Structure formats: C-alpha cells, structure tokens
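Below is one structure, written out as structure tokens, with a few remarks after it.
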Amino acid sequence: MEVAFVRRRIPLVLAALLALLLPAATASAGSGQITLVEAPDELLERDPSAALDEIAALGADGVRLLVAWERVAPSPNAGRAPRFNATDPAAYPAGGWARYDAAIDGARARGLKVHLTITGRAPKWATPSKRDGLTKPDATAFGKFATAVGRRYGKQVELWSIWNEPNLGKLLKPLYQGRRLASPQVYRELYMKAYTGLRSARVRKPILVGELAPQSNRNRTVGTIAPVRFLRSMLCLDDAYKPVRVRGRRCAKLPAQGVAIHPYSTILGPFYTPLIDRDNVTIGVLPRLTAALDKAARAGAIARRLPIHVTEFGVQSEPDTFYGVPFAVQSDYRSISERIAYLNPRVKSFSQYLLRDDPPRGDFSAFESGLYPHGSDQPKPAYHGFRLPLVVVPQRGSSTRATLWGLVRPAKRAGTVAIEYRDRGGWKRAGTQRFGKTGYWTKRVATKAGREWRVTWKAPDGAVHQGSATKAWTRPWRKGR
C-alpha cells in the first residue's frame with residue numbers, strides 16, 4: 001500500500017490509445033471477474049459494520065484484508081521469541097485476532113467474499129537484527145504463523161495471498177546484497193513456508209503469489225524492484241527466462257494458483273505506458289505480466305496460464321497537488337481501468353483501494369484514491385461511478401459513433417438502465433439498455449465531441465441510482481486544460 005507513482009511525464013503512445021479504443025467487451029471477456037474493496041481503517045480500526053453495509057450496497061463481491069504478523073504475535077517488540085505453539089491460533093493473544101474476527105464475520109454475514117493477505121511486519125524476535133521487522137524475516141516462523149491463520153480462518157476465506165508488496169524496499173529488506181537482488185529470494189522462502197503452512201492447515205482455496213507494486217525506482221535501500229524483474233528473480237529465471245541455480249541448486253516449480261498485482265498508474269491514468277523500464281506493469285500494460293507469466297510457465301517455473309488478480313488499485317485524486325486528478329476525472333479513469341481489466345480474460349478480480357481517503361500527510365505519500373474525501377460524508381463522483389461504471393469508447397475512424405460499456409454492479413438479476421446525454425444545457429434521454437444477471441452491458445450510440453453520458457438504474461427495492469457524468473477519453477487529462 002505504498003505509493004508507486006512516478007514523477008516522469010512520458011507522452012501518450014499510440015499503443016496505449018489503440019488499447020483503449022478496442023471493440024466493446026464481449027460477455028466472455030471478464031464476466032466472471034469479481035470486485036473487492038479494501039478499507040483498512042474502516043474495517044480493522046473500528047466497528048466495521050457501517051463500512052461493510054456500504055460496500056455490500058455498492059455491489060462489491062468482497063473485501064481484502066491484510067493480517068499483519070506483528071499485530072497478532074505475542075511480545076512483538078521483544079528481542080527473544082516467546083515460548084508458545086506458533087501453529088495454534090489459541091496460543092496467540094486473543095485481542096490480536098479480534099479486529100480480524102469482526103471484519104471477517106461481518107463480511108460473511110453480508111454475503112461478501114474475503115481475500116486475506118498474510119503479511120509483515122514481522123515481530124522483532126523473528127528477524128536477525130531484532131530491530132525493524134522487515135529485514136530477512138524468519139521464513140520458518142512465518143510459516144508457522146500462516147498455519148495458525150489458516151486454522152483460524154481457513155473455512156471463511158475465499159482467496160489467500162502472501163506478503164504485501166514484497167518488491168518494495170519499505171516492506172521487505174534487503175533489496176540488494178552487493179549488486180545482486182536479494183529480496184526476491186527472501187520472499188520466495190517466505191512464500192514457500194507460508195504456502196506449506198496454509199495447506200497443512202487444510203486450506204484448499206487459491207493462494208496467490210506476488211501482491212506486487214507496479215513500478216521500479218533506483219533507490220537501492222527503500223526503492224522498488226520492477227514487478228516482472230522481481231518475478232523472474234523469485235522464480236530463479238534470468239532475463240531470457242532461462243533457469244538459473246540459486247545457492248548451487250535449481251528451483252522447483254513454484255506452487256501458486258494466481259498472481260496478484262497492484263497496477264497503479266500516474267496522473268496520465270490508464271493511458272500511461274512505462275517505456276524506460278519494460279518490466280513495470282501499470283493498468284494500461286497488463287499484457288506485460290501475462291506475457292511474462294507465460295514465458296515463466298514454458299520454463300517450468302510456474303503452472304501454465306496462471307490467473308491474474310488486480311488486488312489493489314485506485315486513482316489518485318485531489319487534494320494531492322502532484323499526482324491527483326479532479327474528482328470527475330478520477331471517476332472516469334477508474335471506470336476505464338476496470339474495463340481494461342475486464343477485457344483481459346486472465347484477470348479474475350479487480351479491487352478498489354480505498355473506500356475513504358487517507359488523512360493528509362503533507363506530502364505525496366497519502367492515498368487520495370478513495371470514494372469519499374477524508375473527513376467528509378459527501379461522496380466523490382467515483383462513488384457513483386463505482387456502483388454504475390460507464391465508459392464511452394469512440395469508434396475507430398469515426399467522430400460520430402461510439403460504444404457505451406457499463407456495469408450495474410449491485411445487480412443480482414437482469415434489468416434495464418436508462419441512458420442520457422448532454423451537450424450543453426440539460427440532460428436528454430437516449431433510450432434504455434437491457435443487461436443480464438452479470439450486470440454488464442454495451443450499446444452503440446451516436447455522439448459528438450464533448451458529449452457527456454450517464455445512466456440511471458432503478459433497483460428492485462425501488463431505490464433509484466445514478467452514475468456520474470462520463471465523456472469519451474482519447475488522451476490524458478492535464479492541468480490547465
């Protein structure tokens with residue numbers, strides 16, 4: 001959950017534009033894709049009931065929660081490990097589980113799926129330095145903790161993953177030993193022990209590898225390793241995807257049922273294509289990850305055609321003066337990004353981070369990617385755009401034709417949306433469109449430059465919901481435009 005935006009303003013390239021202008025999605029593209037919401041403050045730091053009610057009402061399929069090792073472990077600041085059965089959840093302080101119990105029980109009571117990420121920091125006694133909880137955590141001890149988590153929540157969780165953003169130097173150390181990458185092999189050991197621990201606890205649901213931050217930077221202490229480069233190293237592959245020996249041994253095939261990525265973009269939104277480091281993966285270049293996974297599978301390092309899970313994603317908005325876009329642009333960028341994920345048949349889940357913005361921190365490290373501003377009960381346009389995403393896709397070679405792509409997220413059965421547009425002045429009705437039980441729909445429409453669109457949906461309980469105003473995007477938003 002560290003900001004991975006870059007400061008460069010790389011121009012929009014033709015490939016990114018063509019990807020946006022692809023034909024409308026078919027029902028086979030991503031109709032089984034689920035949507036998760038991550039709201040750590042609302043779900044883990046207070047009574048989660050109100051937030052869970054809202055997440056369910058918005059139509060999300062589930063929530064993602066991070067179980068932090070040091071927050072559950074006994075004596076986390078001690079230099080010496082306490083004596084206890086680390087695989088037995090009953091041996092941990094009862095209060096350590098309480099926040100997770102409330103969130104998981106509440107989610108399941110509302111029919112929401114739970115994705116659980118077991119992560120650091122480690123208790124200090126589980127690291128060589130006994131200081132930071134991040135440098136070379138004891139993989140064996142972590143595996144025992146994963147066993148305890150699996151025994152406590154194994155029957156309640158639908159999706160699992162191991163360690164949040166291990167390619168980020170702020171969350172796992174060391175990045176390097178001399179000139180060689182170090183954290184990928186540190187992570188591999190953590191993952192393997194935790195995977196074994198979960199399976200020994202009779203967890204049978206999918207376990208994801210990765211949870212990777214999207215972009216690299218050059219700080220060798222707290223920087224980020226590009227996600228594809230990190231994966232290659234963790235899978236014991238060289239830059240040509242040829243197996244290499246680690247400590248004199250060849251690596252076995254890594255057990256995993258999917259790969260998790262956090263493909264945040266920049267102020268350029270879904271249009272951005274990282275050119276300097278082609279091992280970076282933002283939302284606009286998800287095929288880079290697909291191609292890398294397929295090459296790794298051909299090398300025997302992982303299973304073939306592993307699914308991709310976008311387990312953390314958001315669009316930074318105002319009041320961030322460096323990376324944030326206006327509220328209306330945030331809503332459009334979020335919907336366009338979701339459509340990109342939908343069009344990729346390998347993507348099985350898509351996440352919204354956050355429900356509510358972080359408190360301001362005085363720099364660009366806070367997340368203003370929520371559906372609410374911090375300290376306000378007035379939702380952003382992205383709140384309405386999340387419930388009823390709408391994307392206007394211009395037809396290639398035409399300035400007067402477009403395809404609308406939309407989703408009625410809360411829909412549990414077939415229904416109808418009303419479609420409106422405006423050029424100047426008031427809104428005009430443009431007809432209706434039926435959708436199936438998945439909620440997805442498309443419609444070809446006549447349009448013109450600058451035209452805005454929106455949809456209205458009447459829920460079965462009689463409530464009327466309206467999406468945010470949306471327009472066609474063929475280039476990134478820029479300040480002063």
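The values are calculated or read from the model by the stated rules, or taken from the named source; none is laboratory data. In this text the structure is predicted, and so the values were computed from the model without any measurement. Here the Cβ is made from the backbone with ideal geometry for all residues, glycine too, and neighbour counts use every protein chain on show. Quick note on the areas: whole protein, heavy atoms, side chains included, nothing else; ligands and nucleic acids left out. Shrake-Rupley method; radii C 1.70, N 1.55, O 1.52, S 1.80 Å.
Summary table
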| read-out | value |
| --- | --- |
| Test for Arg346: is it buried (at least 21 other Cβ atoms within 10 Å of the Cβ) and in contact with a helix residue (DSSP H, G or I) (Cβ under 6 Å, 6 or more places away or on another chain) | no |
| The listed residue being β-branched (Val, Ile, Thr), in contact with a Lys or Arg (Cβ under 6 Å, 6 or more places away or on another chain) and either open to solvent by 30 Å² or more (accessible area, probe 1.4 Å) or modelled with pLDDT of 95 or more (or both), out of Ile336, Ile340, Ile308, Ile302 | Ile308 |
| Selected residue (only one of Lys170, Lys155 is modelled with pLDDT under 95, outside any helix (DSSP H, G or I), open to solvent by 10 Å² or more (accessible area, probe 1.4 Å) and out of contact with any His (no Cβ under 8 Å at 6 or more places or on another chain)) | Lys170 |
| Tally, over the stretch 311-333, of residues that are under 14 Å from the mean Cα position of the chain (by Cα) and open to solvent by less than 10 Å² (accessible area, probe 1.4 Å) | 5 |
| In the stretch 183-227, the residues that are touching a His at 6+ places or on another chain (Cβ under 7 Å) and assigned to a loop (DSSP other than H, G, I, E, B) | Ala213, Pro214 |
| Elements of type strands (runs of 3 or more DSSP E) contained in the stretch 335-441, each with 2 or more residues being free of Cβ contacts under 8 Å to residues at least 60 places away in the same chain and either among the hydroxyl-bearing types (Ser, Thr, Tyr) or within 23 Å of Val310 (Cα to Cα) (or both) | 415-422 |
| Subset tally (residues that are assigned to a loop (DSSP other than H, G, I, E, B), of a type in the set (A, V, I, L, M) and open to solvent by less than 20 Å² (accessible area, probe 1.4 Å)) for the stretch 50-85 | 3 |
| Identity of the residue in the stretch 213-253, in contact with a strand residue (DSSP E or B) (Cβ under 7 Å, 6 or more places away or on another chain) and hydroxyl-bearing (Ser, Thr, Tyr), that ends up least open to solvent (accessible area, probe 1.4 Å) | Thr224 |
| Filtered residue count, the stretch 121-131, keeping only those that are modelled with pLDDT under 95 and touching a strand residue (DSSP E or B) at 6+ places or on another chain (Cβ under 7 Å) | 1 |
